[in-house]
Amino acid sequence: MAIDPQPDLRINPLRKYVREDRMPHFFCPGCGCGQVLSSFLRGVDALGLDIDRMTAVAGVGCTARIPVYIKMDTLHGVHGRTLAWATGIRLHSPETKVVVFAGDGDAVSIGGNHFIHAARRNLDVLMIVVNNFNFAMTGGQVAPMTPAGSVTMTTPYGSGEPPFDLCALAVAAGATYVARTATPHIARMDQAIKKGLEHSGFGVVEVLSQCPTHFGRYALGSGSPEKLLDWIDGICVPKNRADSMTPEELEGKLVTGEFVHRSRPVFRGSTFIDESTFINESDVAEDNAAGKGECRS
Amino acid sequence: MRTTSIRFSGFGGQGIILSAVVLGDALVIQRGLYAAQTQSYGSEARGGQCQSELMVSDKPILTPIRAFNDILVSMFQTALDSYIGSLRRDGTLFVDSGLVGDLGRVPPETARHEVPATETAIALGNKMVANMVMLGYFAGVTEMLNLEQLDAALAENVRERFLDLNKKAIRAGFDLSRDSETNSRTNAGTNNGANGGRR
Amino acid sequence: MEREYAKNAKNAKNVKKEKRVLTGVHFMQGNYAVVEGALAAGCDFFAGYPITPANEISEGMSKRLPGVGGIFLQGEDELCSINAVAGASLAGAKAMTATASAGYDYFQEGLEYGVAVEAPMVIVDVQRCRGENFATQADIMQVRWGPAGDHEMIVLAPSSVQELFDFTVRAFNLAEEYRTPVIVLSETTIALMRERLVIPGEDEIPVVNRKWTSKTPDDYLPFQADPWGVPEFAGLGRGYHTIYSINPHDEKGSIEWDPDAFERLYTRIPAKVAKHREKISTVQRYRLDDAKVALVAWGSEARPCLDAMEVLRERGKKVGVMKLDVPWPFPEEAVSELGRLMDLVVTVEMNVGKYAGEIERACNGRCRTARVTKNRGMIHSPEEILEALGSLEEVR
């Protein structure tokens, strides 16, 4: 994208990235998705990334609508398969930078298997998971990160399900950049997303975000975005402080900060390409004919 | 030539399917014939019943299986017991004489060849090539192809480091067939299976 | 372990280039013929998840693709495989996946997406009997109607190892030509069979490539069809800012709901295939010129039909065979012509009787119809077909 030599300072500089013809957007008043959208664009702009060479991948959900408002190639609309698409794009087209936008349900409920395998492989994509603690677009049902005991549309007597720690899952499965941040902490969110955009390998940024319409009203008894931001702020504990706290003190809290930032070769496909393992076609037939092929189920 | 149906049978790991593949490869590539090879096997990684059917013709093969085979090769007693019923009564039977002891169910009009395939393979240093001893013997009896044609097919289908051993095994089997008075018992014309298949 | 990985990954630069097209005569297994057909058609991305009896396709691809500069992915499941194929396709790849019946169940959402965003994809389904590697043709309706929403699937049904090669090439060409998923409906019988295969010279194999747009991003409408019915392709990462969404979208790709745009889209998408039906859905006619009885079959079942036809012809019966290369889109003209010309049309298939309903519908009461069906894990023998026909007065 060409840089305007004489920018009109009365216009938000990020507007050049936005599809104005799609406005007004579909997010509820007070939703955190708009904050994440802005934070992502600030990261792209600050790093001078060429958004024309990037592709956004989004499944289904409120979060999945974020890239629909950005002038950027986007895949959208199959629930849970964001990382599968991203894998195909990255492997075929390593010059295309891929960013996944997924809600908590998309990422680790229906998409959970893809999530752990993308981490294991160190797939070279950044995944921004907007965790609003429930399935919001469908009306506020319980989700993998809904706090235990919460009332939702499908847990009217309180949730009997313990939640995931998405970041711990990502670290354990092999992700190479993992951070948790939250919408009340704009500067730290910007920093985490920016760092994720710079990272090479599988990066996961979990953003704790408010859903006033559903989670707020049902689980927390308030549809006020401000109150929800206060609630999120109240459950966040920065990692350096959490390190000296007991498990009892951390009960009901979520640790924010960076959990891992490491380097590992990125995924280039399942086949190891190495001259010494290079086998010709007759061996393929032979392998199959000589015992292997006749004895397989 | 009339379309001929050959069934190789034994247990998993004996190289039953490889026998059919090498034979089919030689007939298609070296002799320019048509062949269709099908197979079935149990879910066990090793062991279990294993069979492969090879149809051969000088014109394209339509239905790739037959209710009755013209030739049956059985490398193990249970394989013979399973498939003797689908061999034409006037067909040709090859068995590994060391692993098939009971020929009680073989009809009297069936041409039978008892081949010490595994025994010969052990003498060559590896019992895994019993299938190739049998294939060499088979080639000698049926005259469907010569040793050079089998060698060429082997080179396509067997890893290079095992190629010499497999070639030796084929030759040993072929030699046995030339000396069938002492090494096998034959009670009928040996070529009727290969040349006289019925529809 | 990680250091070992890194060391070996560096060796990736030393890949020995291999030939894409293995011209010559082969004695090859059907699943490998699919691999060679795909490579000859220009396939450069494959993703698959293990399942018998389709494993040799993945195995062959994993060995062959690196040598021609392609990518092999073993997905963590079928959902990964089909969606990775969709992603790679939108990034510009000629991409394929393969599975067997149970795995094909999982493909439906990826197929629905491929239809909606008009992504060329090739899908191989080796039909098998519920968890066992025995022969069947029971998936014929699933491949037509599997994914949700309106669509017209293209399904090719090879009957031999040679056709597995030829039809795989054709599947890639049709996928590119119509920008849609194309299915190669294989069967255990032919997938595991070895047969004579002749691979032509590279320049004798017709290869169709995608129609990339020459328009600028400002002039480009990603879902506006050309007169052929198919939009030009821009692909990802080239500044065209396209939204490839399964949601209803207009020509610009905007996903706001608009009933007019939705109806326009889901009239055009099936129609781009349906209006070229007679060109796509080829049939082979055997001794039908003077026939009064036609046996109709697709896939492997055409083989025993031809054997049975020869036997009946020797008995003086005027019997012919129509082999349907492409069961979907349904070859309407060819089959309804049989209804006009024949006294009896018999559908022969390896299931409880599925496609027969379509044949009978197209014959439309103008001739007698009958079915010869079997679902016992084994292709019909000619004798079984003859026995079943023996009770019909036109054949007796």
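Please treat every number below as a calculation from the coordinates, not as lab data. The structure presented is a predicted model; accordingly, all values stated were derived computationally and were not measured. Methodologically, a virtual Cβ is constructed for each residue, glycine included, from the backbone with ideal geometry; neighbour enumeration extends over all protein chains shown.
Tabulated data
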item: Length-normalised contact order of the range A:13-270 in % [C-alpha pairs under 8 Å, at least 6 apart]; result: 19 percent
item: Highest-first arrangement of C:213-219, B:7-13, where packing means the average Cβ count within 10 Å; result: B:7-13, C:213-219
item: Sorted peptide list for A:139-148, B:111-120, A:155-164, criterion being average Cβ within 10 angstrom, highest first; result: B:111-120, A:139-148, A:155-164
item: Pairwise centroid distance, computed over Cα atoms, of the range B:104-145 with the range C:28-64, Å; result: 35 Å
item: Amide proton proximity set for C:Cys129, modelled H, under 5 Å, gap of 5+; result: C:Phe134
item: Mean Cβ neighbour count within 10 Å, used as a protection proxy, ranking A:105-113, B:29-37 highest first; result: A:105-113, B:29-37
item: Residue-averaged 222 nm ellipticity for chain A, from DSSP H runs of 4+ at -39500 (n - 2.57), nearest 500; result: -8000 deg cm²/dmol
item: Other protein chain Cβ atoms within 10 Å, averaged over every residue that makes up B:151-162; result: 3
item: Backbone HN-Hα couplings from phi across the range C:339-345 [Karplus 6.51/-1.76/1.60, Hz, Gly and Pro as x]; result: x, 6, 9, 9, 7, 9, 10
item: Ellipsoid semi-axes in whole angstrom, largest first, where each is sqrt(5λ) of the Cα gyration tensor of the range B:4-180; result: 21, 20, 16
item: Residue-averaged 222 nm ellipticity for chain C, from DSSP H runs of 4+ at -39500 (n - 2.57), nearest 500; result: -10500 deg cm²/dmol
item: Whole-angstrom gap from the range A:165-184 to the range B:79-102, using each part's C-alpha centre; result: 65 Å
item: Length-normalised contact order of the range C:284-389 in % [C-alpha pairs under 8 Å, at least 6 apart]; result: 30 percent
item: For the range C:124-138, 3J(HN,Hα) per residue [Karplus equation, 6.51 cos²θ - 1.76 cosθ + 1.60, θ = phi - 60°, Hz, x = Gly/Pro]; result: 9, 10, 8, 5, 9, 8, 3, x, 10, 8, 9, 6, 7, 10, 7
item: Packing-based exposure ordering (other Cβ within 10 Å, fewest first) of A:Ser222, A:Ser150, B:Ser19; result: A:Ser222, A:Ser150, B:Ser19
item: Exposure proxy ranking, count of Cβ atoms within 10 Å, fewest first, for C:His276, A:His261; result: A:His261, C:His276
item: Residue-by-residue Karplus 3J(HN,Hα) for the range A:155-168, coefficients 6.51, -1.76, 1.60, Hz, glycine and proline x; result: 10, x, 9, x, 6, x, 9, x, x, 6, 9, 4, 5, 4
item: Per-residue average of Cβ from other chains inside 10 Å of C:64-75; result: 5
item: Relative exposure of C:Glu132, C:Glu176, A:Glu248, judged by other C-beta atoms within 10 Å (fewest first); result: A:Glu248, C:Glu132, C:Glu176
item: R0 of 51 Å, Cβ-Cβ distance C:Lys317-C:Glu202: FRET efficiency to nearest 0.05; result: 0.70
item: Filter on A:Lys97/A:Lys194; A:Lys227/A:Lys253; C:Lys19/C:Lys63; C:Lys94/C:Lys215; B:Lys127/C:Lys63 - keep pairs with C-alpha separation over 19 Å; result: C:Lys94/C:Lys215; B:Lys127/C:Lys63
item: Interchain or long-range residues, amide H under 5 Å from A:Val207's placed H; result: A:Val129, A:Val130, A:Asn131, A:Thr181
item: Cβ neighbours within 10 Å from other chains - mean over C:46-53; result: 2
item: The range B:4-180, relative contact order [Cα under 8 Å, separation at least 6], %; result: 21 percent
